[in-house]
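Peer 1: Structure provided below as structure tokens; questions to follow.
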Amino acid sequence: MTMLRSMKDMKGYILGAQDGEIGRCHDFLFDDEHWATRYIVADTRRWLPGRKVLISPIAIGDADGKRRLLSVGLTKEQIKDSPPLDAEAPVSRQFEITFNKYYDWAHYWGGPSVWGAHLQPRLLGRPQAERQTPDLDDEDPHLRSAREVTGYDIQATDTNIGHVEDFIVDSDSWIIRFMVVDTGNWIPGSKKVLIAPSWIDAVDWKRSDVQVDLESQKIKQSPEYNPTLPVNREYETRLYDFYGRPYYW
């Protein structure tokens with residue numbers, strides 16, 4: 001069942017391979033063009049020190065919130081023998097090609113959907129998945145760290161309104177549906193609100209701020225987000241109706 005989950009909450013989840021634990025969720029790398037989570041960065045220091053271990057949503061199974069566990073459909077040996085990436089190295093498109101070839105996965109870019117020819121990443125791992133010839137016209141995968149973007153200022157059309165505190169991600173498509181904005185420095189009472197990526201005008205990566213196509217007063221009056229409650233379709237409908245924006249579903 002599709003669920004909207006907090007990335008902040010999933011940090012620290014155990015990553016359970018088919019034959020044992022490999023570590024914990026440390027970070028998420030998302031595509032800043034489609035706002036899709038392309039990789040989980042695993043903290044495997046006790047097992048594979050000195051390496052940046054990436055787990056693609058293609059291999060991610062169910063999430064167990066009670067046990068704080070994400071199942072990974074790979075063996076520890078597969079992960080250990082995967083193409084190495086230095087801990088401080090960025091993820092290049094060439095690395096992604098090598099990475100996907102190793103696992104015999106289809107590429108997620110170049111198709112009509114967020115995940116190539118599919119709407120969900122898991123379908124790229126099936127034997128019948130279309131293996132497209134990589135398109136290297138744009139060698140930049142546009143990957144951003146969720147940890148890095150957390151804390152970015154939110155600039156409304158008229159003034160600063162808060163900062164990024166978290167991201168809400170769809171557990172099937174791994175698309176980021178909302179940014180969680182903490183308005184505590186601007187609005188008394190530290191109200192938290194949700195803003196969809198489609199309402200973003202631009203992100204200034206050098207200045208670390210996000211410019212949204214919303215007035216500050218409108219944001220102040222928007223439905224409040226409660227982190228202790230799930231984000232369901234009823235809440236999403238109320239939020240989109242409040243802003244008069246078309247639904248994504």
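Peer 1: When segment 61-93 is examined, which residues are found to be of a type in the set (Asp, Glu), part of a loop (DSSP other than H, G, I, E, B) and either modelled with pLDDT of 90 or more or open to solvent by less than 60 Å² (accessible area, probe 1.4 Å) (or both)?
Peer 2: ASP81
Peer 1: Something else: Is there a residue in segment 125-133 that is modelled with pLDDT under 95 and surrounded by 16 or more Cβ atoms within 10 Å (Cβ to Cβ)?
Peer 2: Yes, some residue in segment 125-133 is modelled with pLDDT under 95 and surrounded by 16 or more Cβ atoms within 10 Å (Cβ to Cβ).
Peer 1: Does any residue in segment 91-114 that is of a type in the set (Gly, Ala, Ser) come within less than 6 Å, Cβ to Cβ, of a residue that is part of a helix (DSSP H, G or I) and open to solvent by less than 20 Å² (accessible area, probe 1.4 Å) six or more places away or on a different chain, and which pairs are these?
Peer 2: ALA106/LEU124
Peer 1: Which numbered condition trips up VAL180, out of (1) surrounded by 20 or more Cβ atoms within 10 Å (Cβ to Cβ); (2) free of Cβ contacts under 8 Å to residues at least 60 places away in the same chain; (3) hydrophobic (A, V, I, L, M, F, W, C); (4) outside any loop (DSSP other than H, G, I, E, B)?
Peer 2: (2)
Peer 1: What residue, of ASP241, ASP153, is closer than 22 Å to LEU29 by Cβ, surrounded by fewer than 20 Cβ atoms within 10 Å (Cβ to Cβ) and of a type in the set (D, E, K, R)?
Peer 2: From the options ASP241, ASP153, the qualifying one is ASP153.
Peer 1: Moving on. Residues to consider are SER173, SER222, SER216, SER208; find the one that is under 30 Å from GLY61 (Cα atoms) and touching a residue at least 24 places away in the same chain (Cβ under 8 Å).
Peer 2: SER173
Peer 1: Please find, within segment 94-119, the residue that is farthest from the chain's Cα centre (by Cα) out of those that are part of a loop (DSSP other than H, G, I, E, B) and within 22 Å of ARG51 (Cα to Cα).
Peer 2: Looking at the filtered set, the residue picked out is ASP104.
Peer 1: Restricting attention to segment 230-248, which residues are at pLDDT 95 or above and either in contact with a Gly (Cβ under 8 Å, 6 or more places away or on another chain) or part of a loop (DSSP other than H, G, I, E, B) (or both)?
Peer 2: VAL231, ASN232, GLY244, ARG245, PRO246, TYR247, TYR248
Peer 1: Next up: Among the residues of segment 15-32, write down those that are more than 11 Å from the chain's Cα centre (by Cα) and surrounded by 16 or more Cβ atoms within 10 Å (Cβ to Cβ).
Peer 2: LEU15, GLY16, ALA17, ILE22, GLY23, ARG24, CYS25, HIS26
Peer 1: From ARG122, ARG144, grab the single residue that is at pLDDT 90 or above, in contact with a Leu (Cβ under 8 Å, 6 or more places away or on another chain) and not in a loop (DSSP other than H, G, I, E, B).
Peer 2: Going through ARG122, ARG144 in turn, the sole match is ARG144.
Peer 1: With the condition kept exactly as written, say whether any residue in segment 163-171 is touching an Asp or Glu at 6+ places or on another chain (Cβ under 9 Å), surrounded by fewer than 20 Cβ atoms within 10 Å (Cβ to Cβ) and at positive phi.
Peer 2: no
Peer 1: Something else now. Could you grab me the full set of residues in segment 192-236 that are surrounded by fewer than 18 Cβ atoms within 10 Å (Cβ to Cβ) and among the acidic types (Asp, Glu)?
Peer 2: Matches in segment 192-236: ASP201, ASP204, ASP209, ASP213, GLU215, GLU224, GLU234.
Peer 1: Shifting gears a bit: Out of the residues in segment 33-60 that are more than 14 Å from VAL91 (Cα to Cα) and in contact (Cβ under 8 Å) with a residue 60 or more places away in the chain, state the one that is surrounded by the fewest Cβ atoms within 10 Å (Cβ to Cβ).
Peer 2: Per the stated criteria, the residue is GLU33.
Peer 1: Based on this model, can you work out whether SER113 counts as open to solvent by 20 Å² or more (accessible area, probe 1.4 Å), at pLDDT below 95 and either over 27 Å from ASP9 (Cα atoms) or of a type outside the set (Asp, Glu) (or both)?
Peer 2: The answer is yes for SER113.
The values are calculated or read from the model by the stated rules, or taken from the named source; none is laboratory data. Quick caveat, the model's predicted, so the values are computed rather than measured. Ideal geometry is used to build each Cβ from the backbone, glycine not excepted, and the neighbour counts take in all protein chains shown. For accessibility, only protein heavy atoms count, side chains too; no ligands or nucleic acids. Shrake-Rupley method; radii C 1.70, N 1.55, O 1.52, S 1.80 Å.
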